[in-house]
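Data first, discussion second: the structure below is written as structure tokens.
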Amino acid sequence: MRLVVCSLIALLATVATVDAKPKREHRHVKATRTKRSAHASPVKVEHHHLAYVPRGPVEGQSLGLPWSGRLHDASELPAGDGYVIRRPWRAFGTRTTVDIIHHALEDFRAQFPDAHAVAVGDISQESGGQITQHHSHQSGRDVDIGLVYKEKPASYPEDFVKATAENLDCEATYALLNEFAETAKADGGAQVIFMDFNVQGLLYHWAQDHGEDQDVLDRLFQYPNRGGEGLVRHVVNHDNHMHVRFKCPDADSSCRN
């Protein structure tokens, strides 16, 4: 009998010990939109395979890198005279990016009021992150801008159209390119512009033939040296549009260039 009582006491002690252990909680944290705070601490960045996930207070709109990032409190590019937004649900970016794009296109229209409407391709979706047809365009600081042609192609602006010596309006396209290039020293201005090497050549020679300063051309284009370090760089599949990438605005402390 005594043996049975001792065994029962030992069993009850074991059960109590098991029940005393804290249970592991599995929490699914839902992201919420927060107001910007001028006093918020810099966000802690954690790298995940599929998406950029901020931890802590968010400061700014562009979070992370253009090819591994998100967009917070997005600004939408408004409709405007002289340009067509091809996919409005992908026309979201930082306020700085959206303002620069809008003003560059407005200034171009003032210079070339008779040019056909310019196609505006994707910036980012409202929440940023990965989207189809792009490796970047994730953090609201990339935009695809169509080129300008002597005569509007039948499929343009719905589709980007390959530029050739026969169809490209070099004067107007060079002016459009310059509208973005001139923002390079501004807060959140152009960081790099991607354009096919041969299309660079068309614009380079046109500008050279029309008296553009050689120092300006050397700073602007990678052409004629593929190893050059101009603002405009060669990337494949960019013979029908220019891809402008903007720097992190100073206020976006969670942004990464």
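The values are calculated or read from the model by the stated rules, or taken from the named source; none is laboratory data. Because the structure is predicted, anything quoted here is derived from the model rather than measured. With ideal geometry, Cβ positions are generated from the backbone for all residues, glycine too; neighbour counts draw on all protein chains shown.
Considering only segment 68-77, how many residues are touching a strand residue (DSSP E or B) at 6+ places or on another chain (Cβ under 9 Å) and assigned to a loop (DSSP other than H, G, I, E, B)?
Of segment 68-77, the ones touching a strand residue (DSSP E or B) at 6+ places or on another chain (Cβ under 9 Å) are 68-72, 74-77.
Add one more test, that the residue is assigned to a loop (DSSP other than H, G, I, E, B), and what stays is 72, 74, 77.
Final tally of qualifying residues: 3.
Of the residues Pro153, Pro224, which is part of a loop (DSSP other than H, G, I, E, B), more than 19 Å from the chain's Cα centre (by Cα) and surrounded by 14 or more Cβ atoms within 10 Å (Cβ to Cβ)?
Going through Pro153, Pro224 in turn, the sole match is Pro153.
Would you please name the residue that is farthest from Ile193 (Cα to Cα), looking only at residues in segment 215-230 that are acidic (Asp, Glu) and modelled with pLDDT of 90 or more?
Looking at the filtered set, the residue picked out is Asp215.
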